[in-house]
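The values are calculated or read from the model by the stated rules, or taken from the named source; none is laboratory data. Because the structure is a prediction, the values reported are computed rather than measured. In this analysis, Cβ positions are derived from the backbone assuming ideal geometry, glycine residues included, and neighbour counts consider all displayed protein chains. With ligands, DNA and RNA removed, areas are computed over all heavy atoms of the protein, side chains included. Shrake-Rupley method; radii C 1.70, N 1.55, O 1.52, S 1.80 Å.
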Amino acid sequence: MSAATRPGGDGAVTPGQVLAGLLLAAMVLWLLAPFAGVDPPGGLTASNAPWTDEGFNLANARERVLAGHFATGDVDRSLTNGAYSVLAAAMFTVTGPSLAAGRALSMVAVAAAVLLLALGLARPLGRPAALLAAASLGGANLVLEHGRLALVEATVVVLLTGAFVLATRAAWWPSLAAGAGVGLLVAAAVSVKAIALLPGMVMLAVVLVAAAVRRDRAAMGMGLAGLATLILAGGAWLAAVALPNWDRFRTALAIWPRVEYLDSPVALAGRLGRYLADSDQALGRSLPLLVAAAIGMAALARRWPHLAPATRDALVMAALWGVGLWLAVAVADYLPDHYGAPNRYVVPALPGLAVLAGFGLADLAGRGRVRVAGVVGVVLGVAVALPGVVAYLDGAMASGRSREQGQRVLATSLPEEAVVYGAYAPTLLFDTRLATLTPWPSAGANVGDPVGRLGVTHLLVGPVPSDPTSRVVALPGAGRTSSLARVRWGPGELFLYDLPGAGVSPVAAPIDYDPLAGPSRQT
């Protein structure tokens, strides 16, 4: 075992390494936290998710705190984003439900992932590579963009990163406890986003195959412990959570887009070609990281015969995780509309690429004079991270606070007992105590007589086709009735209507809201 990978050797975690890791994590929080109340940046993605999914992802955790149960009508996303909803509900119990608190969960997750790479890779890869990997992840544009929003990808990133760091111990300090930790973290990541199963299985497979090749019984035991824990955790969740809530679980699954991979090689190549032509900016926004990861792949191939087993294992895991998961996203066919993957789908692959990038940059820096290697490493790390940070700050600083302002307008227009129905309602009214429901016609969720069955009293209607609300419940007076309020959000204007005969009283006069001019009541 080389000094670079032996506990207590040159790769041991030192106080300086801890300080540097904490500094990188603090810098990530410093970049993210000031924008906790700011709108998503325009032009980030072709997907409508930044304008709807924050409230939708957190709605069930909010409902758990406000009403004592997770479900909002027919929908219970806690069944398909499990650990995320549990963590959010725990946070809301302390802070009260707010979108800023939900976003803080993502921000802390990103900072924690950066810290894990900075400290957890010091032994298998060496201290410089660990810090450069952490900097590469912390400066990745898509990690920052989606890491300041209440989306699930940041939580998947930190759970998979934790599992990866534990899995790398198999070659130099294997234990059954570490294996069980890998299994639990992968299970938690899969509960948040099912595609996390791919990198999770890659990690366990590398541990088991490497242990078999080296005839390392302790490492084999660690890998088997991880696999058994993952299976047991899945079985326990199925018995305790999914089966008792089977109808809502089926509904939650139906909300997901159907994804197909099986097809002819020609068709798969065609999908990959379409993705390369239009990746929803994922390739462009990740270009510095991709170049650095390619350098790491080249260094891995060149140095393979001379690398310690722990280093080989870690880099093979990282390559299969980063490249394999991104490739799976690229060639998938998302039905029924056959659309391309939104750029947030590749975020869980970025830590694997960051590990390769850190190794490659450290290799480049170490090929020069020893006395200037540290300076070169810093320069290379800044060169990879800075473009993503600059693009992120440009978008964040140009975004306003129309959600918070629009929320005040809508809340002023609604009575306390209102139940507001619409795809944008959970996000726009998240910080209030008003009940909100999201229609999902494709899943048959919250669409069967929402007024009589679910007590809907108001509609918040956005532009078609991004919002199916007006197709589920007819607008009062077939759309001729004046709206109670009008706000601008995301792709266009949203209109608030009351439903006559629903047992609530509208406000005295409707409100118009223009982000530039502010709210004013119509007369």
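Here are a few things to note about the model shown:
- Where ARG403, ARG488, ARG433 fall by accessible area, highest first, once all protein chains stay in place (1.4 Å): ARG433, ARG488, ARG403
- Annotation: per residue accessible area for segment 34-166 equals 23 Å², rounded to a whole number [probe 1.4 Å, protein chains only].
- Zone of LEU19's modelled label, taken as backbone nitrogen in segment 93-119 under 17 Å from a point 7 Å along Cα→Cβ: 119
- In degrees, nearest ten, helix 287-303 long axis to first principal axis of the chain (Cα): 20 degrees
- Rounded, prolate or oblate (a/c below 1.5 giving rounded, otherwise prolate when a/b exceeds b/c) for segment 323-449 by Cα gyration tensor: oblate
- Shape of segment 26-93 from the C-alpha gyration tensor: oblate (a/c of 1.5 or more and a/b not above b/c, with a ≥ b ≥ c the square roots of its eigenvalues).
- The chain: projected area of the alpha-carbon convex hull, averaged over directions, in nm²: 25.2 nm²
- FRET efficiency, VAL213 to LEU287 (Cβ-Cβ, R0 35 Å, nearest 0.05): 0.50
- Crossing angle, helix 402-412 versus the chain [Cα axis fit, 0-90 degrees, rounded to tens]: 30 degrees
- Taking the protein heavy atoms of the chain in the context of the full set of protein chains, the accessible area attributed to carbon and sulfur is 65 percent at 1.4 Å.
- Sequence of TYR261, TYR345, TYR421 from largest to smallest accessible area, 1.4 Å probe: TYR261, TYR345, TYR421
- Values of log10 I(q)/I(0), in the order q = 0.12 Å⁻¹, for segment 1-152 under a Debye, Cα-only, solvent-free model: -0.60
- When the P(r) of segment 283-397 is calculated, the portion above 22 Å amounts to 43% of the C-alpha pairs.
- Rounded to whole Hz, the Karplus (6.51, -1.76, 1.60) HN-Hα couplings of segment 132-148, x for glycine and proline: 5, 5, 5, 5, 5, 5, x, x, 5, 4, 5, 5, 5, 4, 7, x, 9
- Degrees between helix 99-120 axis and first principal axis of the chain (Cα, 0 to 90, nearest 10): 0 degrees
- Order of exposure, largest accessible area first, which applies to MET27, MET107 with probe 1.4 Å: MET27, MET107
- For segment 365-444, averaging the sequence separation of C-alpha pairs within contact (under 8 Å, six or more residues apart) and dividing by the residue count gives a relative contact order of 19 percent.
- Here the spin labels are modelled as points 7 Å beyond Cα on the Cα-Cβ line, and at LEU393 and LEU253 they lie 4.7 nm apart.
- Prolate/oblate/rounded call for segment 188-344, Cα gyration tensor, a/c under 1.5 rounded: oblate
- Per residue, the average separation of C-alpha pairs within less than 8 Å and at least 6 apart gives segment 3-155 a relative contact order of 35 percent.
- Amide hydrogen neighbours beyond the local backbone of VAL259, cut-off 5 Å, H modeled: LEU335
- Taking all Cα-Cα distances within segment 390-448, those exceeding 12 Å account for 71%.
- P(r) histogram, all alpha-carbon pairs of segment 209-270 included - 5 Å bins from 0, percent: 4, 14, 11, 10, 11, 12, 15, 16, 7, 1
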